[in-house]
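Reading through the structure tokens given below for one structure.
The values are calculated or read from the model by the stated rules, or taken from the named source; none is laboratory data. On a predicted model such as this, the values are computed, not experimentally measured, just so you know. Please note: Cβ atoms are built from the backbone with ideal geometry, for glycine as well, and neighbour counts cover all protein chains shown.
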Amino acid sequence: MRILALLVLSALMIGYALASEQTEIRFGEVRSDVPGSKPTFSEHNRFVIAPETLYGLIVEKPSGEPFTLSTIHYIPKQGRNGQFNKISSRMVNAVGSSAVWMKPQPNDPAGLYMMEVYVDLRLVTTIEYELYEVP
């Protein structure tokens, strides 16, 4: 019985590792976004609160297989250290790749933000990033 449990657990861990390896996630600032081509991307996690700032993530499955993508955003509450508002995105069906772009709004609070990324209803990563104001 114990061997069977170990085999099942090993198979689940191998399956999860294979699924994770097949998904590539990049997060950063979009430098140019020309329709029909891949965006130019600078990977980092600090973004200025300005109208021209565009940032987000690209999720790719090299095999080109279909997948679902959804995110949960944790936005700091104005004037309340350590407290967040939680906002869920709608689930997107994609084939091969998908992206989530965001633009900071003038009233967005400066501070640390978090985004949970779900692929095929499985949490694959949590991204922490910062929005800041230029004096």
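Just a few scattered comments:
- Lone unmet requirement of (1) surrounded by 17 or more Cβ atoms within 10 Å (Cβ to Cβ); (2) modelled with pLDDT of 90 or more for Pro66: (1)
- Test for Ile49: is it aliphatic (A, V, I, L, M) and either closer than 16 Å to Glu133 by Cα or in contact with a Pro (Cβ under 6 Å, 6 or more places away or on another chain) (or both): yes
- The set of residues in region 43-83 that are outside any loop (DSSP other than H, G, I, E, B) and polar (S, T, N, Q) comprises Thr68, Ser70, Thr71.
- Test set (1) among the charged types (D, E, K, R); (2) over 16 Å from Thr53 (Cα atoms); (3) under 17 Å from the mean Cα position of the chain (by Cα) - Glu130 fails condition number: (2)
- Total residues in region 74-124, condition surrounded by 12 or more Cβ atoms within 10 Å (Cβ to Cβ), of a type outside the set (A, V, I, L, M, F, W, C) and more than 24 Å from Pro51 (Cβ to Cβ): 7
- Of all residue pairs spaced 6 or more apart or on separate chains, those with beta-carbon atoms under 8 Å, a first member in region 52-71 that is farther than 20 Å from Glu128 by Cα and touching a residue at least 12 places away in the same chain (Cβ under 8 Å) and a second member that is among the hydroxyl-bearing types (Ser, Thr, Tyr) and not in a loop (DSSP other than H, G, I, E, B) are Lys61/Ser97; Phe67/Ser98; Thr68/Tyr118.
- Look at region 91-105: where a residue is of a type in the set (Ser, Thr, Tyr) and a partner is modelled with pLDDT of 90 or more, sitting 6+ places away or on another chain with Cβ atoms under 6 Å, you get Ser97/Glu60; Ser98/Val59; Ser98/Leu69; Ser98/Val92.
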